[in-house]
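The values are calculated or read from the model by the stated rules, or taken from the named source; none is laboratory data. Since the structure is predicted, the reported quantities are computational estimates derived from the model, not experimental observations. All Cβ positions, even for glycine, are placed from backbone atoms using ideal geometry, and neighbour counts span all protein chains on display. Areas reflect the complete protein model, heavy atoms only, side chains present, ligands, DNA and RNA absent. Shrake-Rupley method; radii C 1.70, N 1.55, O 1.52, S 1.80 Å.
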Amino acid sequence: MNLHEYQGKSILKKYKVAVPMGIVAYTPLEAVRAAEQIHDETGSDRWAVKAQIHAGGRGKGGGVKVAKSLEEVEQLAGQIIGMQLVTPQTGPEGKAVRKVLIEQNIFYPGPSETKEFYMSMLLNRAIGRNMIMYSPRGGMAIEAVAEETPELIFTEEIDPRIGLMPFQARRIAYNLELHDEAFKNMVKFVHALYEAYINSDAKLFEINPVMKTSDDKIFAADAKVVIDDNALYRHPEIQEMRDYNEEDPIEVEASKFRLSYVKLDGNVGCMVNGAGLAMATMDIIKLSGASPANFLDVGGTADSKRVEEAFRIILKDPNVRAILVNIFGGIVRCDLVAQGIVDAYKNIGEIRVPIVVRLQGTNAEEGARIIDESGLKVQSAMQLEDAAAMVANVLK
């Protein structure tokens, strides 16, 4: 589950990771009041006005501005709230901005130079260990740093049996070329950030930039946080942070029926039980010359109600020109699935796109017979290659 910046920072703050003081605002007037409160508590006379959407690159799209007065806070908040923000991660359609984060200024004069670093924590699946990736060159051009100067990207692998060791945090601070108080503060920052990452069951923490201020304090100036969906039952307070406005409405509806659905840009709707079988089904569709319109896993209990809802969700995509149902009857019986397909077809009414059903496993022959004798415009196949060929044929 993706979090907004302000939500991610609330988790970081809980684990004593230093973050700038910030307040969320939904209107320009609320933004001004937030800026006044931040000034009263921190003395900050400049404020960052930051669009809150689930996408990176907000600064490049004009979604992050600095206000030098309360009048500018109101003006910039009015410009950003309601805009359709286009970033490299949103696609050309962009995302609607419904709120902004007003944040204290941490770029202030002092005895030393202000610096920006990059830091992320994630699972390295190849070795089964968590990894800290970091660079002395943070900021909006981190992608260019990785491409043009890969020697400036460092990694620290962490043994899950013992966790982050003190020498590893010190090595990170050393590679970031920090000294004295800034060095000590970075070591504390890394330990606190890793504790937050582990205890919140996160899939990703990305802090870009990590700021070293002019008086050698270390702040998480930004925060991209992704939480493992499978662990949300342990974190009801995080689950409440879910922003449905930032998600595809069809995917949200699918989740209500415990369907794993991801919209793609093809023309063949897929209904499959099992993630591995779904991947194989999408591959065979591509090999047949077509393109999958979605990933949809109905799970091991593909009863008639769930099958009906899966059909309804697939059919909401106007690009779907055919549907391929691929069910392996292991836990579930193929004849029950077939009857569920027939019942769903009748309940939905006329389905205007052709449907190919491939059933294999327990009672597969009986399932095929139910499909063939239903009198509906549904074709059955026993082999996956035959099903793909049928789909390619009906598309022609």
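Okay, here's what the table says:
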{"quantity": "Any hit, region 146-163, residues being in a helix (DSSP H, G or I), among the aliphatic types (A, V, I, L, M) and free of Cβ contacts under 8 Å to residues at least 60 places away in the same chain", "calculated": "yes"}
{"quantity": "Qualifying position, being touching a strand residue (DSSP E or B) at 6+ places or on another chain (Cβ under 7 Å) and open to solvent by 30 Å² or more (accessible area, probe 1.4 Å), among Glu237, Glu247, Glu251", "calculated": "Glu251"}
{"quantity": "Those residues of region 311-333 which are surrounded by 20 or more Cβ atoms within 10 Å (Cβ to Cβ) and in a helix (DSSP H, G or I), in sequence order", "calculated": "Phe311, Ile313, Ile314"}
{"quantity": "Count of residues meeting criterion [modelled with pLDDT under 90, over 12 Å from Phe311 (Cα atoms) and touching a Lys or Arg at 6+ places or on another chain (Cβ under 8 Å)] in region 258-271", "calculated": "1"}
{"quantity": "Tally, over region 82-133, of residues that are under 28 Å from Asp201 (Cα atoms), assigned to a strand (DSSP E or B) and touching a residue at least 60 places away in the same chain (Cβ under 8 Å)", "calculated": "15"}
{"quantity": "Residues that are buried (at least 19 other Cβ atoms within 10 Å of the Cβ) and under 31 Å from the mean Cα position of the chain (by Cα), drawn from region 169-181", "calculated": "Ala169, Ile172, Ala173, Leu176"}
{"quantity": "Residues satisfying the stated conditions in region 254-275, i.e. open to solvent by less than 20 Å² (accessible area, probe 1.4 Å) and either outside any loop (DSSP other than H, G, I, E, B) or of a type in the set (Gly, Ala, Ser) (or both)", "calculated": "Ala254, Tyr261, Gly266, Val268, Gly269, Cys270, Met271, Val272"}
{"quantity": "Test result for Glu308, part of a helix (DSSP H, G or I), in contact (Cβ under 8 Å) with a residue 40 or more places away in the chain and within 30 Å of Tyr6 (Cα to Cα)", "calculated": "no"}
{"quantity": "Looking only at region 202-234, and only at residues there that are of a type in the set (A, V, I, L, M) and part of a loop (DSSP other than H, G, I, E, B), the one that is farthest from Ala55 (Cα to Cα)", "calculated": "Ala221"}
{"quantity": "Flag for Ala293 being of a type in the set (Gly, Ala, Ser), within 14 Å of Ile327 (Cα to Cα) and either touching a residue at least 24 places away in the same chain (Cβ under 8 Å) or open to solvent by less than 30 Å² (accessible area, probe 1.4 Å) (or both)", "calculated": "no"}
{"quantity": "Pair list, Cβ < 6 Å and 6+ apart or interchain, from region 247-259 residues that are farther than 14 Å from Asn294 by Cβ to residues that are of a type in the set (D, E, K, R)", "calculated": "Phe257/Glu309"}
{"quantity": "Tally of residues being assigned to a helix (DSSP H, G or I) and not polar (S, T, N, Q) across region 17-65", "calculated": "13"}
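Results for (1) farther than 21 Å from Leu395 by Cβ; (2) not small (Gly, Ala, Ser), shown as yes or no for each residue.
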{"residue": "Val298", "(1), (2)": "yes, yes"}
{"residue": "Ala322", "(1), (2)": "no, no"}
{"residue": "Ala338", "(1), (2)": "yes, no"}
{"residue": "Ile341", "(1), (2)": "no, yes"}
{"residue": "Ala344", "(1), (2)": "yes, no"}
{"residue": "Ile351", "(1), (2)": "no, yes"}
